[in-house]
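Asks: One structure follows; several queries about it will come next.
Rule-based calculations on the coordinates, nothing more; no lab input. Remember, predicted model here, so these are calculated numbers, not experimental data. Using ideal geometry, Cβ is built from the backbone for each residue, glycine included, and neighbour counts are taken over all protein chains shown.
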Protein chains: 2
Amino acid sequence: MAHRLGILAGDGELPLKLVEVCRATGRDVFVVAFNGESNPDCVRDVPHVWLDLGSVGSALRALKNAECQDVVLAGPIRRPKLSSLRLDGRGAAMLPKLLRARGDDALLTVVIGELESEGFNVVGADDVFADLLVDNGVLSARRPSEGEWDDVARGIEVVKAIGGIDVGQAAVVHRGYVLGVEAAEGTDALIERSASLRREERGGVMVKLRKPTQDRRADLPTIGIGTIDRAQDARLAGIAVEAGETLILNRDDVIKGTNAADLFLVGVSASESPGG
Amino acid sequence: MAHRLGILAGDGELPLKLVEVCRATGRDVFVVAFNGESNPDCVRDVPHVWLDLGSVGSALRALKNAECQDVVLAGPIRRPKLSSLRLDGRGAAMLPKLLRARGDDALLTVVIGELESEGFNVVGADDVFADLLVDNGVLSARRPSEGEWDDVARGIEVVKAIGGIDVGQAAVVHRGYVLGVEAAEGTDALIERSASLRREERGGVMVKLRKPTQDRRADLPTIGIGTIDRAQDARLAGIAVEAGETLILNRDDVIKGTNAADLFLVGVSASESPGG
């Protein structure tokens, strides 16, 4: 059992994603949210505290009181004006070091040093995700047929083309025919729409890959039981996601649901041609 | 006023497209459809005759009786087995020439020669379309703003990417954000869906280009009053289509409708960056 994870929540989607991952894996979590920086969604339903950015001492105390051993710095913090920092005593003591730091990486090194000097173990978001990344290969009991592998390959081609220009992450292909391509509507709407365009009662593969423009720490493609439900409702044949770049939440339930629905679920590489 | 056009209808979408163009332009048309070859849709509501492929004499007589002067050979004809040709007298007389012809082009030359020897003027499908191709530039009273030209440019980038791999012809972009990408659902469904994903009450550009894989004689992108109605219902800002590669049916009505809806309509080149 992993220790309680402390999250210092910056901007963007990453803190929320980390909270979701902790919830999905049953890991205890405590969030330090910063006024004017953090997304309120990432503290919903989890233990947390709201602080000013300069309240360094309060943040460290909160993490200790919550008995966090591992701490992750999640999402960017805008460099604030000195006048708006509202430094507490500990923050004021850190100030000279912070002012000497040139560039964001140097600043981060100071913050990490401070956390480590207090006995915290600073981990990367990638470490938290590592157990949840989809492996290469067939995860389901059902294996794709040769024609379905062809659809997977066509889907990879299409999603790479649209992902390369930062449009969408997913496409649905049936018998070589591209039923739908994702843009702003999201994967669920794509699946639903594609099913209505299919000429047969059942079939089609949903392929989802990380966009090359995505920061993998912040916005990895994610599948969960909801994805399986959508695919089952749409009577798809299966799902292909990018191995090593896709989070699977509640893996056991997802695999169980996939098998119950007689779907296939495969992890593929975007750079290689897939095959059985 | 152009003469009545005779269409020798082969396979595929081209004969139907030609009939639509004639209908839209008020040009008289007469279709010779071939049993087992032609799409029944292309004779609906227009004067026509169904014949066997070998009934050459009957075909020539039908074209003369219909007072066609211009004749177009539209869409491919599969090379039939000799035994299934059902040649009439005229067809039998042509047979030696046909048998000497090597390759489809040579065969076509024989057929064209035969039509010309009977006094018909054999024209290309491109000639029939020429007057209906969208020109480069702004066709509407309203001109795109600078930001809307940026959306046009982004749309061109996206549609070229999906068209290059034979997926779709169109995309909708609003303020740099790709709301939707066309695959199997068609342009009308794309427009409707994209409107519901837009964050503002009004705006967005629908960009449509010919797929490089499309045979331009058979399947040119087409806009008509229906396209304008869809765009108006969706409260788009405008439409950009590929100049020289897009048919505009009922041009006057389309321009009038575009202006009444306060939309912009522009012809753009897929290879150049558009701008005001």
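Asks: How big is the C-alpha Rg of the stretch A:5-129 next to the rule-of-thumb value 2.2 N^0.38 Å, as a ratio? Walk me through the numbers on the way to the answer.
Replies: Working: Rg = 13.7 Å, N = 125, 2.2 N^0.38 = 13.8 Å.
Rounded to two decimals, the normalised Rg is 0.99.
Asks: Follow-up question, since we're still on this one. One-quarter of the Cα convex hull surface for the stretch A:92-202, in nm²?
Replies: Its Cα hull, projected and averaged over all orientations, spans 11.8 nm².
Asks: Work out the length of the dipole vector of the stretch B:5-128 about its Cα centre, built from +1 on the beta-carbon of each Lys and Arg and -1 on the beta-carbon of each Asp and Glu, and round it to the nearest 20 debye.
Replies: Working: 14 positive and 18 negative charges, 106 e Å.
So the magnitude is around 500 debye.
Asks: For the pair B:ASP126/A:VAL123, report the inter-label distance in nm, with labels modelled 7 Å from Cα in the Cβ direction.
Replies: 6.6
Asks: With label points built 7 Å along Cα→Cβ from the Cα atoms of A:LEU82 and B:LYS64, find their separation and express it in nm.
Replies: With each label point 7 Å from Cα toward Cβ, the separation is 10.0 nm.
Asks: Angle, helix A:104-117 long axis vs. longest principal axis of chain A, Cα atoms, 0 to 90°, nearest 10?
Replies: That helix lies at roughly 70 degrees to the long axis.
Asks: Something else about it: Give, as a single signed number, the net charge of other residues whose beta carbon lies under 13 Å from the beta carbon of A:LEU51, with Lys and Arg counted +1 and Asp and Glu -1. Each step should come with its number before you reach the end.
Replies: Working: positive: A:ARG61, A:ARG86, A:ARG90; negative: A:GLU37, A:ASP52, A:ASP88.
Cβ neighbours under 13 Å give a net charge of 0.
Asks: I've got another one for you. What fraction of the DSSP beta bridges in the stretch A:155-276 is antiparallel, stated in percent and rounded to the nearest 5? Please list the in-between numbers first.
Replies: Working: 8 of 19 bridges.
Taking every DSSP beta bridge within the stretch A:155-276, about 40 percent pair in antiparallel fashion.
Asks: Now, a different point. Give me P(r) over the protein assembly as shown, computed from all C-alpha to C-alpha distances, binned every 20 Å, as integer percentages.
Replies: For the protein assembly as shown, the binned pair fractions read 18, 36, 30, 10, 4, 0 percent.
Asks: Using every pair of alpha-carbon atoms in the stretch B:91-134, split the distances into 5 Å bins beginning at 0 and state the percent of pairs per bin, rounded to integers.
Replies: Percent of Cα pairs in each bin: 5, 19, 22, 18, 14, 10, 6, 3, 1.
Asks: A further question on this structure: Which distances, in nm and shortest first, link the A:LYS97 label point to the same label point in every other copy, taking 7 Å along Cα→Cβ?
Replies: Distances to the matching label points in the other copies: 9.5 nm.
Asks: How many angstrom lie between the Cα centre of the stretch B:107-179 and the Cα centre of the stretch B:10-70?
Replies: Comparing the Cα centres of the stretch B:107-179 and the stretch B:10-70, I get a distance of 24 Å.
Asks: If amide hydrogens are placed 1.01 Å from N in the peptide plane, which non-local residues have theirs closer than 5 Å to the one on B:GLY10?
Replies: B:ALA74, B:GLY75
Asks: Taking the convex hull of the alpha carbon atoms in the stretch B:12-71, what volume per residue do you get, in Å³? Could the numbers behind the result be given before it?
Replies: Working: hull volume 4.7 nm³, N = 60.
Output value, Cα hull per residue: 79 Å³.
Asks: Now for a separate question. Taking the DSSP beta bridges in chain A as the whole, what percent of them are antiparallel, to the nearest 5? It would help to have the intermediate numbers written out before the result.
Replies: Details: 11 of 39 bridges.
Restricted to chain A, the bridges split so that about 30 percent are antiparallel.
Asks: Continuing with this model, one more query. Work from the charge dipole of the protein assembly as shown (Cβ charges, +1 for Lys and Arg, -1 for Asp and Glu, about the Cα centre) and give the residue of B:ALA171, A:VAL56, B:PRO76 farthest towards its positive end.
Replies: Towards the positive end, the residue furthest out is B:PRO76.
Asks: Please list, ordered by chain and number, the residues whose modelled amide H lies under 5 Å from the amide H of B:ALA183; skip anything fewer than 5 residues away on the same chain.
Replies: A:VAL181
Asks: Name the most mobile residue of A:GLU146, A:GLU13, A:GLU157, meaning the one with the largest mean-square fluctuation, in a Gaussian network model of chain A with Cα contacts below 10 Å.
Replies: Between A:GLU146, A:GLU13, A:GLU157, it is A:GLU146 that shows the largest mean-square fluctuation.
Asks: Here's something else I'd like to know. Any idea what the dipole of the stretch A:133-268 comes to, in debye rounded to 20, about its Cα centre with Lys/Arg Cβ at +1 and Asp/Glu Cβ at -1?
Replies: 120
Asks: Distances in nm, one decimal, shortest first, from A:LEU108 to the same residue in every other copy, taking the label point 7 angstrom along Cα→Cβ.
Replies: Distances between equivalent label points, in nm: 6.1.
Asks: Right, something else. Rounding to the nearest 20 debye, state how big the charge dipole of the protein assembly as shown is about its Cα centre with +1 on each Lys and Arg Cβ and -1 on each Asp and Glu Cβ. Let's see the in-between values first.
Replies: Numbers: 66 positive and 84 negative charges, 28 e Å.
Roughly 140 debye, rounded to the nearest 20.
Asks: Ok, one more. Shortest first and in nm with one decimal, please list how far the B:ARG61 label point sits from its counterparts in the other copies (point 7 Å along Cα→Cβ).
Replies: 10.7
Asks: Just from the alpha-carbon atoms, what are the Rg and Dmax of chain B in angstroms?
Replies: 21.6, 69
Asks: Once both axes come from the Cα atoms, what is the angle between helix B:89-100 and the longest principal axis of chain B, in degrees from 0 to 90, rounded to 10?
Replies: 70
Asks: Taking the stretch B:164-276 on its own, what percent of its Cα-Cα pair distances exceed 16 Å? Display every interim value, and only then the final one.
Replies: Values: 3660 of 6328 pairs.
That fraction is 58 percent.
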